[in-house]
1. Roughly to the nearest percent, how much of the accessible area of the range 63-134 is carbon and sulfur, given a 1.4 Å probe?
2. When the convex hull of the Cα atoms of the range 149-205 is projected onto a plane and the area is averaged over all directions, what value comes out in nm²?
3. Of His208, His60, which has the most accessible area and how do the rest follow, probe 1.4 Å?
4. Considering only the other residues whose Cβ falls under 15 Å of the Cβ of Gly160, what net charge follows from Lys and Arg at +1 and Asp and Glu at -1?
5. Cα-based Rg of the range 1-132 per 2.2 N^0.38 Å, rounded to two decimals?
6. Take every Cα pair under 8 Å in the range 2-109 that's 6+ residues apart, average their separations, divide by the length, and report that relative contact order as a whole percent.
7. Give the relative contact order (percent, whole number) for the chain; include only Cα pairs under 8 Å separated by 6+ residues.
8. Over 10 Å intervals from 0, what percent of Cα-Cα pairs in the range 38-90 sits in each interval?
Amino acid sequence: MTGYQILAESAFFKDLAPESLKSLASICSQRELKKRDLLFREGQPGTAIYLLRRGAVQLHKTTADGNEVVIKIVRPSETFAEVVLFEQERYPVTATALAPSDLLVFPRADMLRLLDATGFRNDFIRMLMRKQRYLAERIVQLSGHDTEDRLLWFLDEQFGSEKTVTLAVSKKDVAAAIGTTPETLSRLLQSLKRRKVLTWKGKTLVRHKT
């Protein structure tokens, strides 16, 4: 599949004008990551932005006391690290592959050159605004709902309406993504199993009802 085809099917890029898609396709390259590979570390110079094609990438920050706080688990077809284009020149988070992953890489210098063109810049900013609305909704989800709601919302976000899914991420990773501890998630999963809401065994999760 060509870079243009990949971009045209991406949820975040598909609404860009054809000329903007062609411009993006002309500067991108492809990269593969193995599970637990480090893509970039918090504080490193921001050399590129990325589109995840396949797999899962975790974005996290390190707090002053040394704890890791998960910001997001990136889904296939999502972009990340756009902040280095506008707000700062260094990555504000660390990105690690949670599963074997394929990415498109867009060099920062080439992206800044494309953004000099008014048409491309307007298209790209509209795409970023859609993403900002998504992130704002996520903050509401994390702050205003209990752990069960956040887990079910996470599953809907990652897998849509699929009833049986094979998980590429661990329970520890999911716990971090929904803002809870692995122990709390384990107790919740036991409760959901008893109530016949869902069953998580090994890498297979079955949703019986939602």
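1. Numbers: 1790 of 3420 Å².
Whole-percent figure for carbon plus sulfur exposure: 53.
2. Numbers: hull surface 14.2 nm².
Over every viewing direction, the Cα hull of the range 149-205 projects on average to 3.5 nm².
3. Numbers: His208 100, His60 15 Å².
Highest to lowest solvent-accessible surface, that is His208, His60.
4. On the way: positive: Arg75, Lys163, Arg207; negative: Glu78, Asp156, Glu157, Glu162.
With Lys, Arg at +1 and Asp, Glu at -1, the neighbours total -1.
5. Details: Rg = 14.5 Å, N = 132, 2.2 N^0.38 = 14.1 Å.
Against the compact-globule rule of thumb, the ratio is 1.03.
6. Details: 237 pairs, mean separation 42.0, N = 108.
Dividing the mean separation by the residue count of the range 2-109 yields 39 percent.
7. Working: 334 pairs, mean separation 43.0, N = 210.
Rounded, it is 20 percent for the chain.
8. Per 10 Å bin, starting at 0, the Cα pair percentages come out as 22, 52, 25, 1.
The values are calculated or read from the model by the stated rules, or taken from the named source; none is laboratory data. Treat the numbers as computed from the prediction; the structure is a model and nothing was measured. Quick reminder, even Gly has a Cβ in these numbers, built from the backbone with ideal geometry, and neighbours come from all protein chains shown. Side chains included, ligands, DNA and RNA excluded: accessible areas come from the protein's heavy atoms. Shrake-Rupley method; radii C 1.70, N 1.55, O 1.52, S 1.80 Å.
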